[in-house]
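Trainee: Sharing a structure here in structure tokens format.
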Amino acid sequence: MRVLGLCVSGLVIAAGLTLAVPGGAQSPDPSYGLVTVTVTPARVAIGEPFEVRVRARVPKAAALRFPETPAAGGIIEPLDPRVIEDGPPGDVLDQTAVYRFVAWEPGTHTPLIAPVSVRIAARVREYTTSSGQVEVTSALPADSASQTPRGAREPLPIPGRGWQYGLVGLIALVSAWWYVRQRRQLRRAAAPAAIDAWADALGSFDALDRLALAASGERGRHMLGYVDAFREYLARRFPGMPTDADGFVAAIGATPFPVPVAQVADLFSRDAAVRFAARPVTADEATSTASAVRDFAAKIQLAWEAQQRAAARPERPKRR
């Protein structure tokens, strides 16, 4: 009984739909509904977009499937993906697929769109969509066919050889300027910049104190940061002195710097244990290491400054 009711309802709806059939409508199967195709506008210029609207009104029990947007290429090309619009609510399923195209040649053309598929139960019907046509006009003026194109201009006369010599001289002048400029830049890059190793070391120590790594639980990082700043200071203050643990301890032992060699060796040993063996560091150890590093660097800086003053002092004449 339910199937019979659906069939009767479909017949009634189809009969109602066939009362008003616009241009481009397909001959409907009374049990499936109606599919119409309209083109807006019907007359366009080359490169001007137009719409093809495929409207289907079928029973609500039907499964309606519109074709996808055609592939690009050819005289007519799609501009946008297909858009499905729902019609007003009612006793039928009313949907419209909107396709936007553009044409590249004048004449009357038919957009190639695949058929619309309507399925009810196990039966399928397909409706062609080739009834919509568009007239494409040329973008040129109507009287352009009678116009004769202007002839080609004569080639520019070739000047004498003087411009060639001038061009070679200009290239040589620019090349010389570029060479001199590059040489100056290389000399500036090679010139040693003034190094204030002690000021930079103090800045690094102060930055580590502001981070407060030891107070936040990063005691190992606090200790390693101080040792790294100390190594950087030594490398910049004494470029010829090795900064590895064994090499520096051996080198500092042969200098007059007022730093106990055993304490510096112990500092580097504890640093290696924390850095490579992940040995835990207590809060007191992190604080005492930072203080010791500052003390070592200050003593070395004072000794270095004393040496510089002594070297700059003029020698006194020997008494006879």
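Trainee: From the list Asp94, Asp80, which one is farther than 15 Å from Thr40 by Cα and surrounded by 13 or more Cβ atoms within 10 Å (Cβ to Cβ)?
Mentor: Asp94
Trainee: Here is a further query. All but one of (1) surrounded by fewer than 12 Cβ atoms within 10 Å (Cβ to Cβ); (2) small (Gly, Ala, Ser); (3) in a helix (DSSP H, G or I) hold for Ala251; state the number of the condition that does not hold.
Mentor: (1)
Trainee: Considering only the stretch 221-235, I want to know if a residue exists there that is surrounded by 14 or more Cβ atoms within 10 Å (Cβ to Cβ) and farther than 24 Å from Ile252 by Cα.
Mentor: Yes.
Trainee: Is it the case that some residue within the stretch 274-290 is under 27 Å from Asp196 (Cβ atoms) and either touching a Phe, Trp or Tyr at 6+ places or on another chain (Cβ under 8 Å) or outside any helix (DSSP H, G or I) (or both)?
Mentor: Yes: the stretch 274-290 contains one or more residues that are under 27 Å from Asp196 (Cβ atoms) and either touching a Phe, Trp or Tyr at 6+ places or on another chain (Cβ under 8 Å) or outside any helix (DSSP H, G or I) (or both).
Trainee: Can you tell me which residues in the stretch 270-312 are among the aromatic types (Phe, Trp, Tyr) and in contact (Cβ under 8 Å) with a residue 60 or more places away in the chain? Before you say what the answer is, go through the steps one by one.
Mentor: Quick first cut of the stretch 270-312, residues among the aromatic types (Phe, Trp, Tyr) only: 276, 296, 304.
Result: Phe296, Trp304.
Trainee: Taking into account only those residues within the stretch 124-178 that are assigned to a helix (DSSP H, G or I) and exposed (fewer than 10 other Cβ atoms within 10 Å of the Cβ), which is modelled with the lowest pLDDT?
Mentor: Ala145
Trainee: If you don't mind, another one. Hey, does the stretch 235-251 have a residue that's among the aliphatic types (A, V, I, L, M) and modelled with pLDDT of 90 or more?
Mentor: No, because not a single residue in the stretch 235-251 is among the aliphatic types (A, V, I, L, M) and modelled with pLDDT of 90 or more.
Trainee: Could you please tell me which pairs satisfy a Cβ distance under 8 Å, a separation of 6+ or placement on different chains, a first residue in the stretch 106-129 that is within 14 Å of Thr36 (Cβ to Cβ), and a second residue that is among the basic types (Lys, Arg) and surrounded by fewer than 17 Cβ atoms within 10 Å (Cβ to Cβ)?
Mentor: From the stretch 106-129, the pairs are Val116/Arg65; Val118/Arg65.
Trainee: Moving on. Quick check on Val44: is it surrounded by fewer than 20 Cβ atoms within 10 Å (Cβ to Cβ) and at pLDDT 75 or above?
Mentor: Spelling it out, Val44 is indeed surrounded by fewer than 20 Cβ atoms within 10 Å (Cβ to Cβ) and at pLDDT 75 or above.
Trainee: Cβ-Cβ distance below 7 Å, separation of 6 or more or different chains: which pairs start in the stretch 66-78 with a residue that is assigned by TED's automatic domain parsing to the domain that holds Val37 and end on one that is among the polar types (S, T, N, Q) and modelled with pLDDT under 85?
Mentor: Hits for this filter: Pro78/Thr69.
The values are calculated or read from the model by the stated rules, or taken from the named source; none is laboratory data. Keep in mind that this is a model prediction, so the values were computed, not measured. When we count neighbours, we look across all protein chains shown, and the Cβ atoms used for this are built from the backbone with ideal geometry, even at glycine.
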